[in-house]
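One structure is given here, and the rest of the page talks about it.
The values are calculated or read from the model by the stated rules, or taken from the named source; none is laboratory data. Remember, it's a predicted structure, so these values are computed and weren't measured experimentally. Every residue, glycine as well, gets a Cβ built from its backbone with ideal geometry; the counts of neighbours run over all protein chains shown. The accessibility values were calculated without ligands, DNA or RNA, using every heavy atom of the protein model including side chains. Shrake-Rupley method; radii C 1.70, N 1.55, O 1.52, S 1.80 Å.
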Amino acid sequence: TRSTRPQRLLAAVQKNATRGDPRSVVKAIDEFCRYTEWAMNVGDEKGCILDSVVSEVNPATVLELGTYCGYSTVRIATLLPPDAKLITLEFNPDFAVIARQVIAWAGQEEKVHLVEGSSGDLIPKMKEQFGVKSFDLVFLDHWKDRYLPDAKLMEECGLLGKGSVLLADNVICPGSPDYLDYVRNSPKYRSQYFKSHLEYTKVEDGLEKSVFLG
Ligand SMILES: O=C(NC/C=C/[C@H]1O[C@@H](Sc2ccncc2)[C@H](O)[C@@H]1O)c1cc([N+](=O)[O-])cc(O)c1O
Ligand SMILES: [Mg+2]
């Protein structure tokens, strides 16, 4: 039967990237998606904004919601110090299988803990199961209608501390209007929009960075 898009993306990584070289993995995926087959990775343009926020926060603990093929997982992990922890949640087991191989090809498996399941189920278990006190950085890139409920759930579970940063992809396209309204108008957050484009296209999109004020 026909292969899936994530399988074709992984094949491009294994063919064109050097094992153990995360930058070559990122480059191989971006070239595949730009010139061969579009896929919903954060991409190179928004990826540079992601990189700058990760470097600025210099997080010890990161949560990523929505692993997909592991593109942003690799971008983030590459910038983390060796003792930092990146937990990434993925609902679709077929995507998780691909993401684990992409992360391994990039040599980042030490820093990454990919957990299969849904954010709604797993966020309340973060403290007890993973020994997480709070997250310094959360990258939201999963189902767009889960951004707001999951932000509120993280607040309720005490997973956000003063200065914790939420960085959300796709706040314009496909969009997450209820989330955007919440973080921009809640006294609990200081929010900032980074204008960019939908990955590999000229369509407007952007990242919203929201600092939790405690
Ligand atoms: O739909 C988009 N993203 C949804 C991503 C969803 C990812 O997160 C889990 S769901 C999950 C994971 C964890 N917990 C709960 C659910 C899915 O299995 C997928 O791996 C999207 C769409 C476009 N686009 O142009 O259409 C562009 C983008 O950048 C996008 O991110
Ligand atoms: Mg996205």
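Please give the charge dipole size of the range 84-181, origin at the Cα centre, charges +1 on K and R Cβ atoms and -1 on D and E Cβ atoms. Round to the nearest 20 debye.
Approximately 320 debye in magnitude.
Could you estimate the translational diffusion coefficient of the chain from the Stokes-Einstein equation, with Rh from the Kirkwood formula over C-alpha pairs, at 37 °C and 0.692 mPa s, in whole µm²/s?
Using the Kirkwood radius from Cα pairs, D works out to 191 µm²/s.
Would you check the accessible area of SER210, probe 1.4 Å, heavy atoms only, in square angstrom rounded to 10?
Here the accessible area works out near 0 Å².
Which order do you get for PHE130, PHE91 if you rank them by accessible area with a 1.4 Å probe, largest at the top?
PHE91, PHE130
Choose one of LEU137, LEU213, SER191: the residue whose Cα lies farthest towards the positive end of the charge dipole of the chain (beta-carbon charges +1 Lys, Arg; -1 Asp, Glu; about the Cα centre).
LEU137
Per residue of the chain, what 222 nm ellipticity follows from adding -39500 (n - 2.57) for every DSSP H run with n ≥ 4, rounded to the nearest 500?
After summing the helix terms and dividing by residue count, I get -12500 deg cm²/dmol.
Which of the pairs LYS27/LYS125; LYS144/LYS188; LYS162/LYS202; LYS125/LYS195; LYS15/LYS144; LYS144/LYS195 have their Cα atoms more than 26 Å apart in this structure?
LYS27/LYS125; LYS162/LYS202; LYS125/LYS195; LYS15/LYS144
Per residue, how much space in cubic angstrom lies within the convex hull of the C-alpha atoms of the range 110-200?
Cα convex hull per residue, to the nearest whole number: 125 Å³.
If you average 1/r over every pair of different alpha-carbon atoms in the range 30-139 and take one over that average, what Kirkwood value in Å do you get?
This gives a value of 14.2 Å.
Could you work out how far apart the two model spin labels at ARG2 and GLU109 are, taking each label as a point 7 Å from the Cα in the direction of the beta carbon, and quote it in nm?
3.2
For the chain, what is the accessible area per residue in Å², given a 1.4 Å probe and the full set of protein chains?
I get 45 Å² per residue for the chain.
Could you size up the charge dipole of the chain around its Cα centre, putting +1 on the beta carbon of Lys and Arg and -1 on that of Asp and Glu, and report it in debye to the nearest 20?
Its charge dipole is roughly 200 debye.
What does the highest-first list of 78-87, 44-53 look like by mean Cβ count within 10 Å?
Packing proxy ranking, top to bottom: 44-53, 78-87.
Spin-label point model (7 Å from Cα, Cβ direction): what's the SER186 to GLU156 distance in nm?
About 1.2 nm separates the two model spin labels.
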